[in-house]
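Q: Sending over a structure as structure tokens; questions will come in a sec.
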Amino acid sequence: MRKYVYLVWISFQSLFEYRLNFFWRIAGTTIWTPVMYSLWVAILETGFGGDKYTPYTMGIYYIAISFATFFCQFNPHIIAMEIRRGAMSVDMLRPWSYFCKYFLLSVAEKVILFSLFVSLLFFFILGGKVAVIAEVGMLQFLVSIILAMFMGLFLSLILGGLAFWFKRIYGFASFYNTVGGLFTGTLIPTDLLPKDLLVVSAYLPFQYTYFTPVQFLLKSVSFWEAVRIYSIQISWIILGYLLAKYIWEKGLRGYEAAEAVV
């Protein structure tokens, strides 16, 4: 247990050591959020979207979706780089699970990001005429976003694990981000997609990572509907874990700790 506490401590040390990098990532998200909000306010004024969204709820939507994107994302390129450079051999000798290490080293930025999000959302709600977020909605959102985070974790481990066989995973990551950008709700709210794409989206994990958790903040969801959503998310977590475990076990069997020439 102490070794995992140590990894969390390292994550905070690393965050403060490279705080400028974290600041610029936050700054980029801060700029992107009002740009997308302004775009969609203009679109809503044309009548697109019907009564599903108002400028006020769209503002909450893009604050929450920006947070979800940042909170649930993990960087598979870090894994790929460690595999290519042979650094993975060190972790194979350590008394911890690499999956746990990869997650715990991201804890610091997620804790700070969560604090910033709650503060921002609180002031945004106070500034609105109607508080659309009930206490039960916030609780449902928190449960869903934590499950979504683990979905993102295993998806990243799957993508990063492909580096056992491929020198570059940029193509795979780019394809994932392109498809994800369409179905996760970062570019367009998923429920505004054409019906055919909505059907496809229901069978993919993407909307359950960002879009679905945010919906708990915007509309009342019954207890059984929430249970259904959580069950789907948990199913994707289990499937993601099993697939990641298979990829890593197979990849490590033939792994040679030699630094790749880049």
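Throughout, read-outs are computed from the coordinates displayed, never taken from laboratory work. Worth saying up front: this structure is predicted, and the values here are computed from it rather than measured. Counting neighbours? That spans all protein chains shown, and the Cβs are built from the backbone with ideal geometry, glycine included.
Q: When the Karplus curve 6.51 cos²θ - 1.76 cosθ + 1.60 is applied with θ = phi - 60°, which whole-Hz ³J(HN,Hα) does each residue of the range 194-209 get, with x for Gly and Pro?
A: For the range 194-209, the Karplus curve yields x, 4, 4, 5, 5, 5, 4, 4, 5, 9, 10, x, 4, 5, 7, 8 Hz.
Q: State, to one decimal in nm, how far the label point of residue 12 lies from the label point of residue 85, with both points 7 Å from Cα in the Cβ direction.
A: Going by the 7 Å Cα→Cβ label model, 2.6 nm.
Q: Taking the Cβ-Cβ separation of residue 250 and residue 143 as r and a Förster radius of 25 Å, what is the calculated FRET efficiency to the nearest 0.05?
A: Here the calculated transfer efficiency is 0.15.
Q: Between residue 100 and residue 197, what's the calculated FRET efficiency when r is the beta-carbon distance and R0 is 41 Å? Round to 0.05.
A: 0.70
Q: Moving on. My understanding is that a pair violates if its Cα-Cα distance is over 23 Å; which of 110/167; 110/250; 195/245; 167/250; 101/250; 52/110 do that in this structure?
A: In this structure, 110/167; 110/250; 195/245; 52/110 lie more than 23 Å apart at Cα.
Q: I'd like to compare 137-143, 212-218: which one has the highest average count of other Cβ atoms within 10 Å, and what's the full order after that?
A: On the way: 137-143: 16.6, 212-218: 23.9.
Ranked by mean Cβ neighbours within 10 Å, highest first: 212-218, 137-143.
Q: On to the next question. Give me the distance in nm between label points sitting 7 Å out from Cα along the Cα-to-Cβ direction at residue 23 and residue 52, one decimal.
A: In this crude label model, residue 23 to residue 52 measures out at 3.9 nm.
Q: Using a basic spin-label model with each label point 7 Å from the Cα along Cα→Cβ, how many nm lie between residue 110 and residue 231?
A: So the two model labels end up 2.6 nm from each other.
Q: Still on this structure, please answer the following. First check a/c for the range 157-238, with a ≥ b ≥ c the square roots of the eigenvalues of its C-alpha gyration tensor; if it is under 1.5, answer rounded, and if not, answer prolate when a/b is larger than b/c or oblate otherwise.
A: Prolate shape, in that a/c is at least 1.5 and a/b is the bigger ratio.
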